[in-house]
Amino acid sequence: MTLRDQQINSQMEAVRGLYDGSSYYIETHGCQMNEHDSHKIATLLEEMGFQWAPEEEADFVLLNTCSVRHSAEDKVIGHIGRLKHEKEQRPHLKVGVCGCMMQRDESRNYVLSTFPHVDLVFGTNNIFELPRLLLEMGEKKRAVSITDEYHTFDDQLMIGDRNSVREYVNIMYGCNNFCTYCIVPYTRGRETSRPVGDILEEVKLLGERGVKEIVLLGQNVNSYGKNLQEVVSFPELLRQVHEVPGIERIQFLTSHPKDISRELIDSYGDLPKLASYLHLPVQSGSNDVLKRMNRHYTREQYLEIVAQVRRARPDIALSTDIIVGFPGETEEDFQDTLDLVREVRYDSAFTFLYSRRSGTKADTMEDQIDQDVKNERFQRLLEVVYAIQKEKNEALFGTTQQVLFESVSKKDATRMTGRTSGYKLVHAPYDETALGKIVPVRIEGGNTFSLEGTVLHG
Ligand code: SAH
Ligand code: SF4
Ligand code: F3S
């Protein structure tokens, strides 16, 4: 992999001269893509001499934003407003805004025109330009850079230090699906796959550095490789990643049901390092609603995929995303969703109130649902989801699970936390020999959201 070019290296040196000893704080909204981007940005900043600090003390505060729901955007706008007052107290404070909101003309223009105290704005495809932008910002100008197209340099830049045991690796960017409720195709642009060679090189490097689990990231990993010169399928990519020494567990996000292949399902039988976990967003249990969402599968097809996956890997944990209150959703449609949840029995589900996003097709649909109805359905759905989640966790009491311990508990240094192969959160007494490794754990208890256990020795 070609690393940084000469120009970026010298810019980074210059930034170091300008900001050495400065501190930074990043607030991240949204999905794993943004989390991963924030991690890239933090790595770059630290290489340029910045040190992490809590927000109240940081010299540079960056908000990495999400547009997926109105509430996510509102939070950011409120936060930018608060930073104006903070800057009055601490005039040297620099404020940056990046991420998906900045990719949308409407939101970006609002921020640029309403908040003169914002010093830096960049988009999801401009991380590699950060050194140059910081220099510009240092000259007291407002620095802005947005592009629609993805540049592979962003990932090449990222080969700095990564020292956790579980790491994200981008395999593709953007989305071509245009689900009618969703803003992501408008923020992250068209689907582009990253070449296999680049991905493998990154995974190898992570393996050498002691990373045990990798999470392959894309909005729709099942359509990986379609735009590459030499077409490579996602299951083929998985097989190649499976060979990389050091990597013991592989997870991926997100898998769109419409593109899931027989080959991918078979991978659960063939590839032991593949985590026993599949996030398979269903969005709704009603065929009518699915159709209007432009999801391209029926409830029956979805249930068939679930059955096949469970045949290939009987202990697989399943999670999903569900939207409540999509335009025109009737009580009957909603009942279909509840029934589907009861039938699949998800290990966990991410539930969302439908949020109108301007520019999407669903925003122009008639029969928008009243907020009260949405809230009431949401509560009913949560009750069903949580009850099953609790039962699923209780079914693991007394079993032995392979747990990757990632960190010491934030609240209690005598405890550590990790994840099972099914991505369930496990707390256990701190054990130096187990931290950073996959070890057998006896599950002794737990609740709806996490499990308790002890590490087994010998
Ligand atoms: N690419 C992924 C997820 C992208 S966004 C996928 O297709 O599964 C994550 C989740 O946010 C979606 O699965 C959906 O459930 C939810 N979401 C997206 N747009 C939304 C909207 N306008 N209102 C409410 N939830 C939404
Ligand atoms: Fe949004 Fe659909 Fe693309 Fe997922 S697949 S990012 S929900 S448009
Ligand atoms: Fe993710 Fe939100 Fe962007 S969900 S892709 S951060 S709009």
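The values are calculated or read from the model by the stated rules, or taken from the named source; none is laboratory data. Bear in mind the structure is a predicted one, so any value in this text is a computation, not a measurement. Reconstructed Cβ throughout: ideal geometry from the backbone, glycine too, with neighbour counts over all protein chains shown. Please note that ligands, DNA and RNA were not included when accessible areas were found on the heavy atoms of the full protein model with its side chains. Shrake-Rupley method; radii C 1.70, N 1.55, O 1.52, S 1.80 Å.
Over all pairs of different C-alpha atoms in the chain, the reciprocal of the mean inverse distance, the Kirkwood hydrodynamic radius, equals 23.6 Å.
Evaluating 6.51 cos²θ - 1.76 cosθ + 1.60 at θ = phi - 60° for every residue in segment 116-131, the Karplus couplings come out as x, 7, 7, 8, 9, 9, 9, x, 6, 9, 10, 4, 5, 8, 3, x Hz, glycine and proline recorded as x. Selection among 144, 346, 298 by position relative to the dipole of the chain gives 346 as farthest towards the positive end (Cβ unit charges, Cα centre).
Projecting the Cα atoms of 327, 133, 30 onto the charge dipole of the chain, computed from C-beta unit charges around the Cα centre, puts 30 farthest toward the positive end.
So what's the net charge close to residue 135: Lys and Arg +1, Asp and Glu -1, counting the other residues with Cβ under 14 Å from its Cβ? Walk me through the numbers on the way to the answer.
Working: positive: 16, 94, 132, 140, 141, 142; negative: 13, 20, 119, 129, 136, 139.
My count for the surroundings of residue 135 gives 0.
Taken over the Cα atoms of segment 274-336, the convex hull encloses 84 Å³ per residue. The residues of segment 9-49 expose on average 39 square angstrom of accessible surface per residue, using a 1.4 Å probe on protein heavy atoms. Can you give the % of DSSP beta bridges in the chain that are antiparallel, to the nearest 5? Of those bridges, close to 35 percent are antiparallel. When peptides 422-428, 296-302 are sorted by average Cβ neighbour count within 10 Å, with the highest value leading, the order is 422-428, 296-302. Tell me the net charge near residue 451. Cut-off is 9 Å between Cβ atoms, residue 451 excluded, with +1 for each Lys or Arg and -1 for each Asp or Glu. That sum, taken over residues with Cβ under 9 Å, equals -1. For segment 171-184, backbone phi angles converted through the Karplus equation (6.51, -1.76, 1.60; θ = phi - 60°) give residue-by-residue couplings of 10, 7, 10, x, 7, 10, 7, 6, 4, 5, 8, 9, 8, 3 Hz, Gly and Pro being listed as x. Placing unit charges on the Cβ atoms only, positive for Lys and Arg and negative for Asp and Glu, gives segment 1-155 a dipole magnitude near 400 debye about its Cα centre.
Cross-link check: pairs 204/273; 411/437; 75/226; 40/361; 291/392; 94/204 evaluated at a Cα-Cα cut-off of 26 Å; pairs beyond the cut-off: 75/226; 40/361; 291/392; 94/204.
Stokes-Einstein at 20 °C, 1.002 mPa s, Kirkwood radius from Cα pairs: D for segment 203-342 in µm² s⁻¹? List each step's numbers first, then the result.
Working: Rh = 16.3 Å.
Using the Kirkwood radius from Cα pairs, D works out to 131 µm²/s.
Heavy-atom surface analysis with a 1.4 Å probe gives the chain a carbon and sulfur content of 49 percent of its accessible area. Averaged over its residues, segment 92-143 has an accessible area of 35 Å² per residue, based on protein heavy atoms and a 1.4 Å probe.
For segment 11-99, what mean projected area does the convex hull of the alpha carbons give, in nm²?
Working: hull surface 22.9 nm².
Seen from a random direction, the Cα hull of segment 11-99 projects 5.7 nm² on average.
Among DSSP bridges having both ends in segment 40-197, what percentage is antiparallel? Round to the nearest 5.
Numbers: 2 of 13 bridges.
Approximately 15 percent, going by the DSSP bridge assignments.
Summarising the overall dimensions of segment 371-428 from its C-alpha atoms, the Rg and Dmax are 15.8, 45 angstrom.
Report summary: the helix-based calculation at 222 nm, which adds -39500 (n - 2.57) for every DSSP H run with n ≥ 4 and divides by the residues of the chain, gives -11500 deg cm²/dmol. With protein chains left intact and a 1.4 Å probe, residues in segment 377-458 average 52 Å² of accessible area per residue. Take every Cα pair under 8 Å whose residues are at least 6 apart in sequence, average their separation, divide by the length of the chain, and the relative contact order is 10 percent. Figure legend: label point modelled 7 angstrom from the Cα of residue 331 along Cα→Cβ; residues of segment 352-385 with amide N under 19 Å from it are 367-384.
Counted over segment 227-289 with a bin width of 10 Å, the fraction of Cα pairs per bin, in whole percents, is 18, 47, 25, 9, 1.
In a fully extended conformation the segment linking residue 407 and residue 307 would gain 32.5 nm over its present Cα-Cα distance, using 0.36 nm per residue. Here residue 140 is the anchor, and the aspartates and glutamates within straight C-alpha reach of less than 15 Å, apart from those fewer than 8 places off in the same chain, are 59, 119. Residues in segment 90-101 carry Karplus couplings, in order, of 10, x, 7, 4, 10, 10, x, 10, 9, x, 4, 4 Hz; the curve used is 6.51 cos²θ - 1.76 cosθ + 1.60 with θ = phi - 60°, and Gly or Pro positions show x.
Rounded to the nearest 20, the Cβ-based charge dipole of the chain about its Cα centre (Lys and Arg +1, Asp and Glu -1) stands at 160 debye.
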